[in-house]
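The block underneath contains the structure these notes are about, expressed in structure tokens.
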Amino acid sequence: MNDMTRLENALDVTEAKISARGVQVFYGDTQAIRDVDVEIADKTVTALIGPSGCGKSTFLRCLNRMNDTIESCRVEGTILLDGEDIYDRRVDPVQLRAKVGMVFQKPNPFPKSIYDNVAYGPRIHGLARTRAELDEIVERALRRAALWTEAKDRLSEPGTGLSGGQQQRLCIARAVATEPEVLLMDEPCSALDPIATAQVEELIDELRQNYSVVIVTHSMQQAARVSQKTAFFHLGNLVEFGETGHIFTNPEDPRTEAYITGRIG
Amino acid sequence: MHEHHIASAFDRDLEAIQARIMKMGGLVEAAIMEAARSLETRDLELAERVRAADKAIDALEDMINEEAARVIALRAPTAVDLRLILSVTRISGNLERIGDYAKNMAKRTGVLSQMPTVDDSAGALRRMAREVEQMLKDALDAYIQRDVELAGDVIERDREVDQMYNALFREFLTFMMEDPRNISPCMHLHFIAKNIERMGDHVTAIAEQVIYLVSGARPDEARPKADTTSVKI
């Protein structure tokens, strides 16, 4: 119990990696997110939960400006990464996405070799000068994604030939290869079996040593297992944000309570 | 707050487990009163029935724990559901202990019936048992109605039980000093008084579970402790 309290306190003093203030998102005339304020801590896993259409994925996609690609989408408010506004005109979204990596629901490896999947990001961002350096980056990324032992003898084989769980870990390796500071995960395990899910969850816990991880999940149990902080979204509002253990034992808001206990869909 | 789970089987599981708590509570209330009555009227047959009935109470506790484990495994309860499951396992434990104390009281009835009566001590013990039984009834009502105020009231009333025990403790001490032939019955009567006092503590623990279940908070540690005999010379 004391350990938990200490953890909670430690989390409170951790500096915010991302601070969102008054974030509103519109798709045309429809408002998807209303006035969200949240501080996402460094070296912490933050889970975003809520029913379908509550805005959690939309919010996640604001954090690396993935919403820029949607014509009708408009984002208001400020989102600061290390104190700098990511929606500032001078910020290059491509550079931003190298710092704020993303892993999607379905594993989506490029139709290239395992090696090239991981090497793609470092190549376009010019992170390696020599082949040896690139090899090193690829190995480190694959090791970090817990895929190295399975993939090291088949680096030239297509990434699409891996199993579902391995493909997802390949996508995670690809995301970490550019040394991001924040990793966004949009339901990273929803297409995986329980074993692969457990491996990815273990990986998320390890990634927390170096990154700030924000994960959208429909599995409440997954949120409870992997995150230290949980944010509950409902109808575009951030209803409750707090320490995960607290949210799952004694939530403050009746809507949070109703959702996590399975009383509203 | 939405009342029902989307999975109605979850609601049925939780209702079933609470129904068992109420059943167990009813048996324990009856055990307290019958044990006290058997002591006062020296009714050995009734005392024997109380001892036999404890098996049913123990069996219910096992059932409740099994069902609670099943709900945890299958439904992964959270928030108020989690607190409900934690509270039923603790409350069933408290009820089981109260049942044991009642059984022990009934056991001593057999021994005491062979000895001379000591004043109206059996009557005083019955009144004390009556108070605890009322508290238990209210604690279980508070549980089923999620009534924090009533639960708080029960916790307060434990002070009276403690005071009754203190008074009896002094009385038994006096009887024993007056006449050594009183020592044997008074020792048994004192154990009975202490058992009833302990029942009150378990009832208090049940009332505290009600507060935890409803609010998620533990009641203050400053609960009344009026049993002062442990520091008396």
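I'd like the orientation of helix B:183-215 relative to chain B: the angle between its Cα long axis and the longest Cα principal axis, in ° from 0 to 90, rounded to 10. Here the helix axis deviates by roughly 20 degrees.
Hey, what angle do you get for helix A:114-124 against the long axis of chain A, alpha-carbon based, 0 to 90 degrees rounded to 10? The answer is roughly 80 degrees.
Could you name the aspartates and glutamates in cross-link range of residue A:112, using Cα to Cα under 13 Å and dropping any fewer than eight places away on the same chain? Correct list for residue A:112: A:157. Per residue of A:238-249, other chain Cβ atoms within 10 Å of the residue Cβ number 1 on average. Local charge for residue A:129 was computed over the other residues whose Cβ lies under 15 Å away, with Lys and Arg +1 and Asp and Glu -1, and equals -1. The fewest-to-most ranking of B:212, A:211 by surrounding Cβ atoms within 10 Å reads B:212, A:211. Cross-link pairs exceeding 18 Å between alpha carbons, from the set A:43/A:152; A:106/A:229; A:43/A:106; A:17/A:229; A:56/A:99; B:23/B:194: A:43/A:152; A:106/A:229; A:43/A:106; A:56/A:99; B:23/B:194.
The alpha-carbon atoms of the range A:2-260, seen along their principal axes, cover 53, 44, 32 angstrom, with the largest extent given first.
Exposure here means at most 15 other Cβ atoms within 10 Å; with trypsin sites (Lys or Arg not before Pro) in a DSSP loop as sites, the longest stretch of chain A lacking them is A:130-265. The distance separating the Cα centre of the range B:23-49 from that of the range A:95-148 comes to 75 Å. In this simple spin-label model, placing a label point 7 Å from the Cα along the Cα-to-Cβ direction at both residue A:157 and residue B:15 gives a separation of 5.5 nm.
The angle between the Cα long axis of helix B:44-75 and the longest principal axis of the Cα atoms of chain B comes to about 20 degrees, rounded to the nearest 10. Loop-only check: which GluC sites (Glu not before Pro) in the range B:3-100 are DSSP coil with at most 12 other Cβ within 10 angstrom? Sparse-neighbourhood loop GluC sites (Glu not before Pro): B:3. The orientation-averaged projected area of the convex hull spanned by the Cα atoms of the range B:8-231 comes to 12.3 nm². Counting beta carbons within 10 Å around each of A:176, A:239 and listing the fewest first gives the order A:239, A:176.
Annotation: amide H-H contacts under 5 Å for residue A:240 (H modelled 1.01 Å from N, sequence separation of 5 or more, or interchain): A:232. Take every Cα pair under 8 Å whose residues are at least 6 apart in sequence, average their separation, divide by the length of chain A, and the relative contact order is 26 percent. Within 10 Å of the Cβ of each residue in B:77-89, the mean number of Cβ atoms contributed by other protein chains is 4. Inter-chain Cβ neighbour count for A:250-260, averaged per residue, equals 4 (cutoff 10 Å, partner chain atoms only).
Residue order for A:33, A:195, fewest other beta carbons within 10 angstrom first, comes to A:195, A:33. If R0 is 51 Å, the Cβ-Cβ spacing of residue B:117 and residue A:202 corresponds to a FRET efficiency of close to 0.15.
Evaluate E = 1/(1 + (r/R0)^6) for residue A:132 and residue A:237, where r is the Cβ-Cβ distance and R0 equals 51 Å; express this FRET efficiency to the nearest 0.05. In this case the efficiency is close to 0.50.
In sequence order, the range A:188-201 has phi-based couplings of x, 10, 5, 9, 10, 7, x, 5, 4, 4, 4, 5, 5, 5 Hz under the Karplus curve 6.51 cos²θ - 1.76 cosθ + 1.60, θ = phi - 60°, and Gly or Pro positions carry x.
Computed from the coordinates by the stated procedures, all read-outs in this text should not be read as laboratory data. Fair warning: this is a prediction, and the values are worked out from it, not measured in the lab. Heads up, the Cβs are rebuilt from the backbone with ideal geometry, glycines too, and the neighbour counts pull from every protein chain shown.
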